[in-house]
Amino acid sequence: MQSDPRLNHAWWTLRIGLGLAPLLAGLDKFFNLLTSWEMYLNPAIPRLLHLSSPTVMHIVGVVEIVAGLLIFSRFTRYAAYIVMAWLLAISASVVAQGLFLDIAVRDVELSLGAFVLAKLTEVRQLASLDNLANRDRSVPETKTAPHLAHTN
């Protein structure tokens with residue numbers, strides 16, 4: 001099976017976008033240049049974990065950085081599922097607060113993109129395996145030279 005270049009473009013677009021977004025957002029959890037991230041944090045989470053809000057956001061940042069890097073690794077398929085779950089968890093957290101519902105909707109939509117990235121990665125991997133199998137079948141078998149054949 002030959003992979004369609006249009007699917008390849010879609011895969012790369014999602015991979016770059018869904019790799020960079022958590023990576024950059026994770027880094028910004030340490031600098032707060034894009035926004036004050038703590039305002040999105042459900043106050044119950046730091047209380048439940050017995051940690052300060054900045055500490056929780058730094059942990060969140062590390063998780064996001066790792067998820068973004070994994071998207072760029074050979075583990076794209078699995079990382080995309082992790083990013084999808086992470087985005088759904090963020091959505092659930094802000095919905096539980098009853099605040100930032102626009103962020104919840106946005107993150108649900110982004111999680112759908114992560115799901116599509118995972119599925120496209122599966123298709124690409126299957127296409128690669130099919131191409132490898134077809135290539136192996138097209139290589140003619142070599143005959144063993146009579147003087148190299150083992151006889152009993």
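The values are calculated or read from the model by the stated rules, or taken from the named source; none is laboratory data. Bear in mind that the values here come from a model prediction, so they are computed numbers and not experimental data. Positions of Cβ are generated from backbone atoms using ideal geometry, with glycine treated the same way; all protein chains shown enter the neighbour counts. All accessible areas refer to the heavy atoms of the entire protein, side chains included, with ligands and DNA or RNA removed. Shrake-Rupley method; radii C 1.70, N 1.55, O 1.52, S 1.80 Å.
A compact table of results
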quantity: Residue of L101, L34, L20 that the Gaussian network model of the chain assigns the largest fluctuation, springs spanning Cα pairs under 10 Å; calculated: L34
quantity: Surface accessible to a 1.4 Å probe, D28 within the full protein complex, Å²; calculated: 10
quantity: L27 paired with H9, simple spin-label distance in nm, labels 7 Å along Cα-to-beta-carbon; calculated: 2.8
quantity: Rounded to 10°, Cα long-axis angle of helix 5-28 versus longest principal axis of the chain; calculated: 40
quantity: Crossing angle, helix 76-97 versus the chain [Cα axis fit, 0-90 degrees, rounded to tens]; calculated: 20
quantity: Estimated FRET transfer efficiency (L112, L34; beta-carbon r; R0 30 Å; 0.05); calculated: 0.85
quantity: Unit charges on C-beta of K, R, D, E only; dipole of the chain, Debye; calculated: 360
quantity: Positive minus negative residues near L70 (Lys, Arg vs Asp, Glu; Cβ under 12 Å); calculated: +2
quantity: Total formal charge among the other residues, if their Cβ is under 13 angstrom from that of E38, Lys/Arg +1 and Asp/Glu -1; calculated: 0
quantity: Options [x] 56; [y] 62; [z] 45 - which one matches percent of Cα pairs over 21 Å apart as calculated here; calculated: [x]
quantity: With DNA, RNA and ligands ignored, accessible area of M57 (1.4 Å probe; Å², nearest 10); calculated: 20
quantity: Net charge of neighbours whose Cβ lies under 11 Å from the Cβ of T121, counting Lys and Arg as +1 and Asp and Glu as -1; calculated: +4
quantity: Candidates L112, L69, L126, ranked by Gaussian network fluctuation over the chain, Cα under 10 Å, top entry; calculated: L126
